[in-house]
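Below is one structure, written out as C-alpha cells; the observations come after it.
The values are calculated or read from the model by the stated rules, or taken from the named source; none is laboratory data. Not measured: the values here are computed from a predicted model. Cβ placement follows ideal geometry from the backbone for every residue including glycine, while neighbour counts extend to all protein chains displayed.
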Amino acid sequence: LGLKEAKELVESAPVAVKEGVSKDEAEDLKTKLEEVGAIIDLK
C-alpha cells in the first residue's frame with residue numbers, strides 16, 4: 001500500500017481489506033498485517 005491508501009484504511013477502520021480470496025491467501029495476509037500491528041478478524 002502507498003501512504004495515501006494506508007492513511008485512508010487507518011482513518012476508516014474497521015474496513016474489509018480484501019474479499020473473495022482463498023483461505024490460504026487470507027491467512028497469509030492476516031499474518032503480514034498482524035506483524036505490523038493490525039487486529040484482524042477473518043470471516
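Brief remarks on what is shown
- Residue check, Lys32 under 10 Å from the mean Cα position of the chain (by Cα), at pLDDT 90 or above and either of a type in the set (A, V, I, L, M, F, W, C) or in a helix (DSSP H, G or I) (or both): yes
- Check on Val21, at pLDDT 85 or above and of a type in the set (A, V, I, L, M, F, W, C): yes
- Enumeration of residues in segment 1-29 that are among the β-branched types (Val, Ile, Thr) and either touching a Cys at 6+ places or on another chain (Cβ under 9 Å) or in a helix (DSSP H, G or I) (or both): Val10
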